[in-house]
1. Within the stretch 92-130, count every residue that is assigned to a strand (DSSP E or B) and surrounded by 16 or more Cβ atoms within 10 Å (Cβ to Cβ).
2. Filter the stretch 137-176 down to the residues that are over 26 Å from ALA107 (Cβ atoms) and among the charged types (D, E, K, R), then identify the one that is modelled with the lowest pLDDT.
3. Going through ALA220, ALA194 one at a time, which residue ends up being assigned to a strand (DSSP E or B), closer than 26 Å to SER119 by Cα, out of contact with any Pro (no Cβ under 6 Å at 6 or more places or on another chain) and of a type in the set (A, V, I, L, M, F, W, C)?
4. Sort out which residues of the stretch 199-213 are on the phi > 0 side of the Ramachandran plot and either in a strand (DSSP E or B) or open to solvent by 10 Å² or more (accessible area, probe 1.4 Å) (or both), and write them in order of number.
5. Please verify whether GLU270 is without any contact (Cβ under 8 Å) to a residue 60 or more places away in the chain, surrounded by fewer than 24 Cβ atoms within 10 Å (Cβ to Cβ) and within 24 Å of PHE312 (Cα to Cα), treating the condition exactly as stated.
6. Going by the structure shown, is ALA282 in a loop (DSSP other than H, G, I, E, B), without any contact (Cβ under 8 Å) to a residue 60 or more places away in the chain and either open to solvent by less than 10 Å² (accessible area, probe 1.4 Å) or among the hydrophobic types (A, V, I, L, M, F, W, C) (or both)?
7. Exactly one of these conditions fails for SER136: (1) touching a residue at least 60 places away in the same chain (Cβ under 8 Å); (2) open to solvent by 60 Å² or more (accessible area, probe 1.4 Å); (3) among the small types (Gly, Ala, Ser). Give me its number.
8. Quick check on the stretch 148-172: of everything there that is among the hydrophobic types (A, V, I, L, M, F, W, C) and outside any strand (DSSP E or B), which residue is least open to solvent (accessible area, probe 1.4 Å)?
Amino acid sequence: MAVVTGCDPKDPGVTGGTVSTGTTTGGSDSEGTTGGGSDSEGTTSAAETTGGPDETTDGPGDATTETTTGMHDTDSGSTPEDFACEGGAWLFVDPETSGAGKVSLAADGRARVFSDGLSREFDATGTLVATTPIPSGAVHWDIDAEGNGYGMFRDEDGVSPRKWLRKFDPAGAMLWERDLGPRDQGYAWGYDIAVAGDGTTVYSDRAAVGDGTRMVKHAADGTLLWDLEVAEQLEVAAIGSAGAMVALVWDEGVRLFDPSGEELWTRPWELSVLSTAAIDGAGAVVVGAEIGSSAVKIGKFAADGTPLWDTFVEGMWGFGDLAVNASGEIAVGGEYNNEPPFRGMVARLDPSGVTLAVHSCDSGSWEVDVAIDDAGTIFASGAVDFETYHMYVTAYE
């Protein structure tokens, strides 16, 4: 899941897929770990949606424009024992201080949540069945359908420090590494790594010379497939099951590439500093963005680029993530706030953009990252403030 969080399109900053190395400080841009799985990426929150497959909304309706100060204020007085998420099938709250988690799904149906240098694995009942350290130094992190991990790393010392792509098995043993070039070429952190279910990866970074983007594709075994540059600055957000790649083009909109890296289409769409996109099983592209400070906008394009619909998820002030499954169901995570304190929220949209359900957690929670499996179960993770920050994970069936 690639969530753009930079403010300057010429220097998009550290994306939402950056591995956290410590406790978050409560800001919605706290550095987490890339999640989203093979066909999902994203960010947002919810309440009732307007607009269907043939209807485009004109704006966020009557959403209030009231803003808050002090980042994520909380007056919940909750503890890990009494914190709850309405409608959740199960709930895990980390008893230790930890930051908001990012979610990815493996083929076995287990959710893996990344936070503060750890990968936590949950079974279908919400039982924490494994905790594995994320390799030290990983800047971006995600998994494939088999649970193998992929990370971007940087040398911090040496005469000619480098950037690296490394693959690890589910137990944490490194399988291979590939040189991504000098650390001082392109953007120091790289933009992100998109990981397909079959282990194909696309790394996107600023071009070493000029204002364009370098895209590097590797097969699951580490074989270099291509290393291309495009003129625009963009971030590859997700790889679909057929190998197509969706990218967010700063100051422009959404672009789809074929598996060889050739542009199929580009469509204008209003992006923001919190934007992401995903590809469903039919090859359709779903894109989301936080618009202003009081609305989240979701849009969909057919595989051939035909615009299908736009809709606003009203009442959601913070965009966390979006994800889609093979049948086109959409999960949107974020936070609701018409007055302090914040509350983490999740919305379920059908393939036509109609909101089917909205769930919220207790006050003092926020920054919800989501994944959705083919059965329609939504897995969500965020952070809650009990004087210190704690990761929580829940599921909506």
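The values are calculated or read from the model by the stated rules, or taken from the named source; none is laboratory data. Since the model is a prediction, treat every value here as computed from it, not as a measurement. No Cβ is skipped: glycine too gets one built from the backbone with ideal geometry, and neighbour counts run over all protein chains shown. Surface accessibility is based on the protein's heavy atoms, side chains included, excluding ligands, DNA and RNA. Shrake-Rupley method; radii C 1.70, N 1.55, O 1.52, S 1.80 Å.
1. 16
2. Restricting to residues being over 26 Å from ALA107 (Cβ atoms) and among the charged types (D, E, K, R), the top hit is ASP157.
3. Going through ALA220, ALA194 in turn, just one is assigned to a strand (DSSP E or B), closer than 26 Å to SER119 by Cα, out of contact with any Pro (no Cβ under 6 Å at 6 or more places or on another chain) and of a type in the set (A, V, I, L, M, F, W, C): ALA194.
4. The one that is on the phi > 0 side of the Ramachandran plot and either in a strand (DSSP E or B) or open to solvent by 10 Å² or more (accessible area, probe 1.4 Å) (or both): GLY210.
5. Judged against the criteria, GLU270 is a match.
6. yes
7. (1)
8. Filtering the stretch 148-172 for residues that are among the hydrophobic types (A, V, I, L, M, F, W, C) and outside any strand (DSSP E or B), the one least open to solvent (accessible area, probe 1.4 Å) comes out as ALA171.
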